[in-house]
Ligand code: PMP
């Protein structure tokens, strides 16, 4: 029987209050200890940089002109006038909020149009839009897998894949980054009916591309399902920018393609794309799709227009590729350890967290903002400047960046 605390004998009540206060104190101590640890180890994250302009190669932060490196706005479309117009037209017609979840009142004809467009672009039967890429990964994986499944996951896969896998309750086996020998060994020793291999198409912190042809080969040999997260390949790789799967000529051979509309597409949202049966299943069982409000029509209109631009503007993509190749070579020839290939993500590996933060602060003082990536996002000892380029960066600005990295980067691990 429950006893209301107001009815307790007063000394008992005081004792319970002290006990609760003690537990609260212990919890706060625990939070403070964890915060002290990250502060002492150069891992504290509280120092946001607040932009006061559009996302572009040059921005204003704290009233200073700053060159922005590290943005996911790879094609430079975030401030494209055609996309702004699309957003304004849709806002004028449909208003601002979507008003409901997709299965209730939040589905607009624009959502259907975008899902059809993504399916065509990805050469699959059907697609489904989620509110973010993070929600797509957690929603897709936890709907498809349960405790009977084994998920083979690249060690450097994005956190949202790991979280989706944890949420599903499946057994998770992580294989060494892009190491096909390790993957095959692990799949071979854990052969079974319910196996899924998941990989990023382009790795967001490494800038390299997953060996998808080999992954598909292993999946076929052992009867595994395959899923690719192409957040960073969409718009950048493949025929007309349709992504990493197309880059490897593997259209039709990946079971689930997932991606986001928040990077090269310059909008917001995530998607799943694949066979109609899988997409229908997700509509019915994917909780982050079912229980969250639909994206507003204006962002959907932006994504539609943006994909149209991406499909028809190979010059922009080619220019980004040339700029990235040149910039990567400049840094390598200056003696820095640079990771990745083929993509506009050009991380400079700097080693320790403290040196990396110091380097970023020095660059910021010179008018360059590049995020410092530290553990737990990347393994200890491999902190880095996560440089990424936009098609709209100028060579002149990038030459200045190289000179400043050379000037201040002498201390970092090479
Ligand atoms: N997957 C990868 C590989 C990502 O890099 C990200 C975002 N950084 C996501 C998924 C999540 O996408 P979103 O930002 O749209 O939630």
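The values are calculated or read from the model by the stated rules, or taken from the named source; none is laboratory data. Since this is a predicted model, take the numbers as computed values, not measurements. Backbone-built Cβ (ideal geometry, glycine too); neighbour counts: all protein chains shown.
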Query raised in the report: Which one of the conditions (1) assigned to a helix (DSSP H, G or I); (2) at positive phi does residue 381 fail to meet, given that it meets all the rest?
Result: (1)
Report task. For region 160-170, indicate whether the set of residues that are over 22 Å from residue 277 (Cβ atoms), in the same structural domain as residue 251 (by TED's automatic domain parsing), surrounded by fewer than 22 Cβ atoms within 10 Å (Cβ to Cβ) and under 16 Å from the mean Cα position of the chain (by Cα) is non-empty. Result -> yes
Report task. Kindly indicate which of 343, 356, 337 is closer than 25 Å to residue 391 by Cα, surrounded by 18 or more Cβ atoms within 10 Å (Cβ to Cβ), in the same structural domain as residue 380 (by TED's automatic domain parsing) and in contact with a strand residue (DSSP E or B) (Cβ under 7 Å, 6 or more places away or on another chain). Result -> 343
Query raised in the report: Within region 179-192, which residues are touching a strand residue (DSSP E or B) at 6+ places or on another chain (Cβ under 8 Å) and closer than 14 Å to residue 217 by Cβ?
Result: 183, 187
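Could we say that residue 72 is under 22 Å from the mean Cα position of the chain (by Cα) and surrounded by 11 or more Cβ atoms within 10 Å (Cβ to Cβ) here? First the steps, then the outcome.
Working: under 22 Å from the mean Cα position of the chain (by Cα): yes; surrounded by 11 or more Cβ atoms within 10 Å (Cβ to Cβ): yes.
It is true that residue 72 is under 22 Å from the mean Cα position of the chain (by Cα) and surrounded by 11 or more Cβ atoms within 10 Å (Cβ to Cβ).
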Query raised in the report: If residue 29 passes every condition in (1) out of contact with any strand residue (DSSP E or B) (no Cβ under 7 Å at 6 or more places or on another chain); (2) within 30 Å of residue 354 (Cβ to Cβ); (3) modelled with pLDDT of 90 or more but one, which one does it miss?
Result: (3)
Report task. Quick one: which residue in 81, 98 is surrounded by 16 or more Cβ atoms within 10 Å (Cβ to Cβ) and modelled with pLDDT of 95 or more? Result -> 98
Query raised in the report: Looking only at residues in region 242-275 that are assigned to a helix (DSSP H, G or I) and crowded, with 24+ Cβ neighbours inside 10 Å, which one is farthest from the ligand (Cβ to nearest atom)?
Result: 245
Query - Meets criteria (within 16 Å of the ligand (Cβ to nearest atom), surrounded by 22 or more Cβ atoms within 10 Å (Cβ to Cβ) and under 16 Å from residue 279 (Cβ atoms)) for residue 141 - result: yes
Report task. Just one of (1) assigned to a helix (DSSP H, G or I); (2) away from the ligand (no atom under 12 Å from the Cβ); (3) buried (at least 19 other Cβ atoms within 10 Å of the Cβ) trips up residue 288, so point out which. Result -> (2)
**Report entry** Single match in 307, 279 (criterion: touching a residue at least 40 places away in the same chain (Cβ under 8 Å), more than 16 Å from the ligand (Cβ to nearest atom) and in a helix (DSSP H, G or I))
**Finding:** 279
Query - Residues of region 210-241 classified as in contact (Cβ under 8 Å) with a residue 60 or more places away in the chain, farther than 24 Å from residue 145 by Cα and surrounded by fewer than 24 Cβ atoms within 10 Å (Cβ to Cβ), total - result: 1
Query raised in the report: Which of (1) crowded, with 24+ Cβ neighbours inside 10 Å; (2) within 12 Å of the chain's Cα centre (by Cα) is the odd one out, the single condition residue 205 does not satisfy?
Result: (1)
Requested in this report: Identify the residue in region 362-378 that is in contact with a strand residue (DSSP E or B) (Cβ under 6 Å, 6 or more places away or on another chain) and not in a strand (DSSP E or B) and, among all such residues, is nearest to residue 161 (Cα to Cα).
Outcome: 374
